[in-house]
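Report on one structure; see the data block that follows.
Every read-out reported here was derived from the displayed coordinates using simple, explicitly stated rules and does not represent laboratory data. Note that the structure is a prediction, hence the values are computed from the model and not measured. Note: ideal-geometry Cβ built from the backbone for every residue, glycine included; neighbour counts use all protein chains shown.
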Amino acid sequence: MNNVNEKPFCVTCGLNILNEVKANDKQLYWHEKNLPSDIVINNANFYCSSCLKKHVRLQIEKEIDALSYDDIKGKNKFNSMDFARELIDGIDYDTIGEKIIFSRFYLVRRGYCCHNKCKNCPY
């Protein structure tokens, strides 16, 4: 993309991201350099909000899989993150009906086991 008049498309699903934004003014879309979408960079990969969550979740899961059990229990880059930030559906948790299922990312970030037999508990 060379200028702001070109329409960004999601590299995963092909969605015209401008249509997504018009449909919901609060919907954000970002490209892989993690800059706001109105900052256009040549050859940047853009993601719609749905595909971005999937892309980020996959990257997080790969990094968690690389951690040993001792790394998960100890200090690591995930549990040193700001835990007080707002939770993100699809990243920190999934909803199934009325149930909330916390992701491994959320549970590792929390830093301890609550002993409630969470589905994704890494402890």
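Would you mind ranking Ser103, Ser50 so that the residue whose beta carbon has the fewest other beta carbons within 10 Å leads the list? Mind dumping the intermediate values first?
Working: Ser103 22, Ser50 16.
In order of increasing Cβ crowding within 10 Å: Ser50, Ser103.
Give me the net charge for the shell around Gly111: Cβ to Cβ below 11 angstrom, other residues only, Lys and Arg +1, Asp and Glu -1.
Counting the neighbours of Gly111, the net charge comes to +4.
Neighbour counts of other C-beta atoms within 10 Å: give me His55, His115 arranged from fewest to most.
His115, His55
Please list, by residue number, everything in the range 71-103 whose backbone N is under 16 Å from a paramagnetic label point 7 Å out along Cα→Cβ of Lys53.
It comes to 86-103, nothing else.
Kindly flag which residue pairs out of Lys73/Lys119; Lys73/Lys117; Lys62/Lys119; Lys54/Lys117; Lys77/Lys99; Lys53/Lys73 have an alpha-carbon separation exceeding 23 Å in this structure.
Lys54/Lys117; Lys77/Lys99; Lys53/Lys73
Which order results if Asp82, Asp71 are arranged by neighbouring Cβ count within 10 Å, fewest first?
Result, fewest neighbours first: Asp82, Asp71.
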